[in-house]
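> Just dropping this structure here.
The values are calculated or read from the model by the stated rules, or taken from the named source; none is laboratory data. Owing to the predicted nature of the structure, the values given are computational and were not obtained by experimental measurement. As a convention, Cβ positions derive from the backbone with ideal geometry for all residues, glycine included, and neighbour counts pool all protein chains shown.
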Amino acid sequence: MIQVKNVTAGYGMKPVVENISFDMEAGEILGVIGPNGSGKSTLLKCMYGALKPDDGEIIVDNKRLGAYTQKNIAKKIAVLPQQTDVAFSYTVRQVVELGRYPHQKGWFSFQQKQDEHIVDKALQETGVLSFSNHPMDSLSGGEKQRVLLARALAQEPDILLLDEPTNHLDISYQLNLLDTLKDWSKTKQLTVIAVLHDLNMAAMYSHRVLLLEDGRQKALDKPSVVMEKNRLEHVYQAHLERKEHPSVPSPLITLEPSSDTLERKRENVLDSLSIEKTPGHVCLMSPFHWKTFSSAVVGAGFGWHRYFVNRHVDKDYACDQPKQEYTAYLKKIGLDIDDTAAMMTAARLDDGAFVRMAGDNHDVFVYATAGTSNAVDVSKSYEYYSMNHTAGTINLWIFVAHRLSEAAYAQIMMTATEAKTKALMDYRIYDPKTKTLATGTSTDSVLVAALSEGEEIEYGGTITPVGKTIGKAVYDAVSRTLNHYLKRRSGNEI
């Protein structure tokens, strides 16, 4: 379809792009990324004939680009440049009709019905049909961008070149535009080469990504390979973090602020936590945000929180929408929902246990509440139990005065669960239905909270330094709260 072979080009003695090479097939989307001045727009100009390469060549359908007339190039390649000024006050429809010029025999040739149909379809697909009779100079920047895209589409090109196409668009229109391009790449076999500043848009919508640095080809591959943290940090000279997108198989790039803008923590951060106890709940409060990973009712998954609530509810608590009901409760007691992670339990809050334990270069604080009236052996639960909304019984909060990797969060969850289960076994807690040793209760919950700065702990498994400390602290906390619970139960207390 199109081949770029060792292209070097510029505007004077020094080349702006140097020795760039890649091939593209029909229906492929290539995202071109790189910092300002890396040669992205210059490369695009070479590809549609606005700039002649100093060296190398561009091949379109097995024919050198320079061998095409400008009109024939326009039949093959459409361009949506970074900025385009319309010299006269054309209407939207008139601008889009200009896209049909390469297919007509003369400038004033009569439009056929096929041309009108193609123009109407382009107006419709880009969402500008409703103002097709408006003058271009009355439109916003985003609206003009969509009109120019409609003009490019009206050319019926095989290849579409776009230079920062989402620059003037609101988020919804950015997504709509790129969704449309992705669809056209499939349905029309349109080949798309797009210069993009937004790394996440490039990652989500490109089949491959070309990364430029100082006019040179730094990397060319699928987004997950090109968008490697250290490489991007080197090219962009910025602190970045790479995660995985939560809903599509794509890297997610986030910016990291300088350390001067982060919330500063003082020494002995666990000492800064304060605890409020009421008959209805226990609330742990922090002067700064902790990065949390939890199965809480409110604030589940990864989040940033300053308030941590464990609420007592009746053992017969049942609610079709527990999150909504709990949110209303938190508002009633005056807590900011966005800053709060919250669990609920039918266990007595007075039976809860607090354990603090220090290890080598880390400090851990654990809070646990437990009751075992709905204890479950998970290996047999599929035979005996159906889903219900019973309130959680064994709840765990684990605060680590350190920064954790995502892997460490997951491993600490595993370590804590194993420690909890060992405490249940040592206290001979049985599943009342199966008469076998219980591994937990029907709706246990756990939260892991860690700092946002400092050296990172990479692993949190059972034999790592932090894992051993957490395992012991969780075991002790669960054991203590079970001991309180069982003593009361033997005295016929609920």
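> Given (1) aliphatic (A, V, I, L, M); (2) crowded, with 22+ Cβ neighbours inside 10 Å; (3) more than 19 Å from Phe354 (Cβ to Cβ), identify the lone condition not met by Ala328.
Only one criterion in (1) aliphatic (A, V, I, L, M); (2) crowded, with 22+ Cβ neighbours inside 10 Å; (3) more than 19 Å from Phe354 (Cβ to Cβ) is unmet by Ala328, namely (2).
> Just to be sure, is Ala203 under 27 Å from Gln3 (Cβ atoms) and in contact with a Leu (Cβ under 9 Å, 6 or more places away or on another chain)?
Spelling it out, Ala203 is indeed under 27 Å from Gln3 (Cβ atoms) and in contact with a Leu (Cβ under 9 Å, 6 or more places away or on another chain).
> Taking into account only those residues within the range 475-494 that are polar (S, T, N, Q) and in a helix (DSSP H, G or I), which is farthest from Ala358 (Cα to Cα)?
The extreme case among them is Ser490.
> What about Val446, is it outside any helix (DSSP H, G or I), crowded, with 21+ Cβ neighbours inside 10 Å and either out of contact with any Pro (no Cβ under 7 Å at 6 or more places or on another chain) or of a type outside the set (A, V, I, L, M, F, W, C) (or both)?
yes
> Ok, one more. Being surrounded by fewer than 23 Cβ atoms within 10 Å (Cβ to Cβ) and in contact with a Pro (Cβ under 7 Å, 6 or more places away or on another chain) is the filter here, so list the residues in the range 17-54 that pass it.
Asp54
> Any residue at all in the range 11-26 that is assigned by TED's automatic domain parsing to the domain that holds Phe131, in a strand (DSSP E or B), touching an Asp or Glu at 6+ places or on another chain (Cβ under 7 Å) and modelled with pLDDT of 90 or more?
Yes, because at least one residue in the range 11-26 is assigned by TED's automatic domain parsing to the domain that holds Phe131, in a strand (DSSP E or B), touching an Asp or Glu at 6+ places or on another chain (Cβ under 7 Å) and modelled with pLDDT of 90 or more.
> Hey, another quick one. So if I check each of Leu129, Leu161, Leu139, which one is surrounded by fewer than 19 Cβ atoms within 10 Å (Cβ to Cβ), under 35 Å from the mean Cα position of the chain (by Cα) and modelled with pLDDT of 90 or more?
Leu129
> Mind listing just one residue for me: the one in the range 328-345 that is among the β-branched types (Val, Ile, Thr) and either more than 18 Å from Val448 (Cα to Cα) or assigned to a helix (DSSP H, G or I) (or both) and, of those, nearest to the chain's Cα centre (by Cα)?
For the range 328-345, the residue satisfying everything is Ile337.
> Sticking with this structure for a sec: Are any residues in the range 155-196 of a type in the set (S, T, N, Q) and over 17 Å from His207 (Cβ atoms), and if so, which ones?
Correct list: Gln155, Thr166, Asn167, Ser172, Gln174, Asn176.
Listed here are the residues, each with its yes/no results for (1) under 18 Å from His362 (Cα atoms); (2) modelled with pLDDT of 95 or more; (3) assigned by TED's automatic domain parsing to the domain that holds Ala401; (4) among the small types (Gly, Ala, Ser).
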| position | (1), (2), (3), (4) |
| --- | --- |
| Ala450 | yes, yes, yes, yes |
| Glu453 | yes, no, yes, no |
| Glu456 | yes, no, yes, no |
| Gly467 | yes, yes, yes, yes |
| Ile470 | yes, yes, yes, no |
| Arg480 | no, yes, yes, no |
| Leu486 | no, no, yes, no |
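> Still on this structure: I need the full set of residues from the range 1-16 which are under 19 Å from Thr191 (Cβ atoms) and surrounded by fewer than 20 Cβ atoms within 10 Å (Cβ to Cβ), in order please.
Once the filter is applied, which keeps residues that are under 19 Å from Thr191 (Cβ atoms) and surrounded by fewer than 20 Cβ atoms within 10 Å (Cβ to Cβ), the range 1-16 yields Met1, Gln3, Lys5.
> Sort out which residues of the range 202-223 are in contact (Cβ under 8 Å) with a residue 60 or more places away in the chain and farther than 24 Å from Gly10 by Cβ, and write them in order of number.
Matches in the range 202-223: Ala202, Ala203, Tyr205, Ser206, His207, Arg208, Pro223.
> Moving on. Being more than 16 Å from Ala358 (Cβ to Cβ) and either buried (at least 21 other Cβ atoms within 10 Å of the Cβ) or in contact (Cβ under 8 Å) with a residue 24 or more places away in the chain (or both) is the filter here, so list the residues in the range 461-474 that pass it.
Gly461, Thr462
> Being among the charged types (D, E, K, R) and under 15 Å from Gln217 (Cβ atoms) is true for just one of Glu18, Glu28. Which residue is that?
The conditions single out Glu18.
> So Lys420 fits all but one of (1) assigned to a helix (DSSP H, G or I); (2) of a type outside the set (A, V, I, L, M, F, W, C); (3) more than 20 Å from Ser479 (Cα to Cα); what number is the exception?
(3)
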